[in-house]
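In what follows, a structure is listed as structure tokens, so that the remarks can point back to it.
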Amino acid sequence: MDFQLKTLSVAQAAAEKSDVLIVLVGSAPITAKDALSVLAASARKAGDFPDKAGKLLALYRPDEVVASRVVLAAVGDGTPASVRSGVIAAVNAAKAHRPKRVVVVFAQPAEAAAVACAVTAAADASYVYTATKSKAEPRSIRALTLGVPDAAGVRKAFDEACGTVLGIELAKEWGNRPANHATPTLLADVAKELAKLPKIKCEVLGPKEVEKLGMGSFAAVARGSAEPLRFIVLRYQGAAKDEAPVVLVGKGITFDTGGVSLKPAAEMDEMKFDMCGAASVLGTFRALAEIQPAINVVGLIPSCENMNDGRAVKPGDVVTSMSGQTIEVLNTDAEGRLILCDALTYAKRFDPAAVIDIATLTGACVVALGGVRSGLFASDETLAAALQAAGEESQDRCWRLPLDDDYAEGLKSNFADVANIGGRAGGAVVAAKFLQRFVGDFAWAHLDIAGTAWKSGAAKGSTGRPVGLLVSYLTTRARNGNADGASEKAATDSAAPAKAPARKARSAK
Ligand code: BES
Ligand code: MN
Ligand code: ZN
């Protein structure tokens, strides 16, 4: 889908050639005197178009409008959240007519984050999965023009949002593909394709190399599958070579049967989504290639199937992780942490500024937070705050959960240094405590996306989350001179421009 940004009033948008015109109307009084604005004002006054984000009023061939269909969409206070729900409702309504060209116009001034959310929301609502359907109708919308009162002021946010959409859609696409169309080898091929884009490099390790590295925990999970494991290493270099990278680690279980601790049959198909953490890392790299922020990022993806087989790891088996810690595998279905722990150990070699792992890790997190917010765990306050803020800005929200040591009590083992499960209570935190044992001397955060990475039921499908959050976090960090929160660099820039930047990373340029 092609996005375009233009300075347009409602009257000018009405003169644009399109199949559907969507007018985003906020709470402020509607004062413009063009036909559509007058109509919106009178509908609101009459109570037919309430001022609540997501409320719609559909019009057919109204006066002075080129498009035959117009949808007025309320966006309330104009915050990213309200704009997102207004745009999603309007595009969903417009979709039925299979429009090719759509114009979306803000009737009021629009903040940068709201414009970005309009772009990602329109893409979200119009995405169609086609890869394994023989007669699928592709997405009807070819071109979307976004009209705002001042295009120049929001151009950068708009461009970044367009890059983010490419990343979200890559993540959705690979999340949605069935496990026999998204094997570890195929995920590695996606990473190799990404390495053709500017500033991206990729290296793929196979079973022999992983064995040699001593990743006995990761290798144990892969043992039960005929599909060979892959360890994918992606690098995006947007800053000076010596600048410490942010490392993203994505869980890439392409199918989770539970292994010998077999899962029940109901909804087991959804365990094809167990590589959505990996897909979010791939998607983030797609967006980085487009946006080109001044930051270095490493992506690590341990990927394999978790299968039941004669060679499969068994409950009670003790494996040795790359860190040297031995792990008693009490439940083979707690496999995500077994592959992530070795990737976290591997992350140390990059001397990272921060490490963020992203994983569909626990059913307990689904119970705790549902599909609204991802679970956020962090060993570092600034990193936690930056990720939380990125989630709000991109409307790809998360919520922080605790990491008290008491939660690790149940992980004690009689036969190894640690067990891979604790009790059922607080299961999302117990899993995070397990991971924390493998975290080195760097700021670390863990995003449990078990509830947010895909939707079940009639709308079953990948959401592309948390690509929006990650891209927003990384671009903000790049703007802050590779620091979380307001950096010295950012502070000096605004307060006293004459002062020399204090950060080593900057002076290296
Ligand atoms: N991939 C699952 C987590 C999951 C479950 C995500 C349901 C989304 C929906 C993970 O590998 C798993 O099986 N976790 C177990 C851990 C348990 C054995 C300690 C779980 O959550 O039940
Ligand atoms: Mn599992
Ligand atoms: Zn899993």
How about segment 192-259: which strands (runs of 3 or more DSSP E) wholly inside it have at least 2 residues that are within 16 Å of ligand 1 (Cβ to nearest atom) and not small (Gly, Ala, Ser)? 252-256
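One line per residue, one yes/no per condition, for (1) more than 16 Å from ligand 3 (Cβ to nearest atom); (2) charged (D, E, K, R); (3) farther than 27 Å from residue 415 by Cα; (4) modelled with pLDDT under 95:
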residue: 311; (1), (2), (3), (4): yes, yes, no, no
residue: 325; (1), (2), (3), (4): yes, no, no, no
residue: 334; (1), (2), (3), (4): no, no, no, no
residue: 374; (1), (2), (3), (4): no, no, yes, no
residue: 378; (1), (2), (3), (4): yes, no, yes, no
Any idea which residue in segment 171-187 is surrounded by the most Cβ atoms within 10 Å (Cβ to Cβ), counting only those that are within 19 Å of the chain's Cα centre (by Cα) and in a helix (DSSP H, G or I)? 171
Got a number for residues in segment 260-295 being part of a loop (DSSP other than H, G, I, E, B) and within 16 Å of ligand 1 (Cβ to nearest atom)? 8
Checked 448, 484 against criteria (more than 16 Å from ligand 2 (Cβ to nearest atom) and either in the same structural domain as residue 243 (by TED's automatic domain parsing) or at pLDDT below 95 (or both)); the one match is 484
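With respect to residue 209, determine if the residue is surrounded by fewer than 18 Cβ atoms within 10 Å (Cβ to Cβ), within 16 Å of ligand 3 (Cβ to nearest atom), more than 28 Å from residue 484 (Cβ to Cβ) and at pLDDT 95 or above.
Values: surrounded by fewer than 18 Cβ atoms within 10 Å (Cβ to Cβ): yes; within 16 Å of ligand 3 (Cβ to nearest atom): no; more than 28 Å from residue 484 (Cβ to Cβ): yes; at pLDDT 95 or above: yes.
The answer is no for residue 209.
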Identify all residues within segment 296-309 that are assigned to a strand (DSSP E or B) and within 16 Å of ligand 3 (Cβ to nearest atom); write none if there are none. 301, 302, 303, 304, 305, 306
Of 454, 444, which residue is within 14 Å of residue 274 (Cα to Cα) and either touching a strand residue (DSSP E or B) at 6+ places or on another chain (Cβ under 6 Å) or crowded, with 20+ Cβ neighbours inside 10 Å (or both)? 454
Going through 47, 76 one at a time, which residue ends up being more than 26 Å from residue 139 (Cβ to Cβ), out of contact with any helix residue (DSSP H, G or I) (no Cβ under 9 Å at 6 or more places or on another chain) and surrounded by fewer than 24 Cβ atoms within 10 Å (Cβ to Cβ)? 47
Residue among 328, 393, 409 that alone is of a type outside the set (S, T, N, Q) and in contact with a Cys (Cβ under 9 Å, 6 or more places away or on another chain): 393
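Residue by residue, here is whether (1) more than 22 Å from residue 218 (Cβ to Cβ); (2) of a type outside the set (Val, Ile, Thr); (3) within 13 Å of ligand 1 (Cβ to nearest atom) holds:
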| site | (1), (2), (3) |
| --- | --- |
| 298 | no, no, no |
| 319 | no, no, no |
| 325 | no, yes, no |
| 337 | no, yes, yes |
| 362 | no, no, yes |
| 383 | yes, yes, no |
Of the conditions (1) within 12 Å of ligand 2 (Cβ to nearest atom); (2) surrounded by 20 or more Cβ atoms within 10 Å (Cβ to Cβ); (3) of a type in the set (A, V, I, L, M), residue 291 satisfies every one except a single condition; which number is it? (1)
Within segment 1-97, strands (runs of 3 or more DSSP E) holding 3 or more residues that are within 21 Å of residue 120 (Cβ to Cβ) and more than 27 Å from the chain's Cα centre (by Cα): 20-25
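Residues checked against (1) touching a residue at least 24 places away in the same chain (Cβ under 8 Å); (2) outside the structural domain of residue 366 (by TED's automatic domain parsing); (3) assigned to a loop (DSSP other than H, G, I, E, B):
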position: 402; (1), (2), (3): yes, no, yes
position: 406; (1), (2), (3): no, no, no
position: 410; (1), (2), (3): no, no, no
position: 416; (1), (2), (3): yes, no, yes
position: 423; (1), (2), (3): no, no, yes
position: 434; (1), (2), (3): yes, no, no
position: 438; (1), (2), (3): yes, no, yes
position: 444; (1), (2), (3): yes, no, no
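The values are calculated or read from the model by the stated rules, or taken from the named source; none is laboratory data. It should be emphasised that the depicted structure is a prediction, and the values quoted were computed from it without experimental measurement. Heads up, the Cβs are rebuilt from the backbone with ideal geometry, glycines too, and the neighbour counts pull from every protein chain shown.
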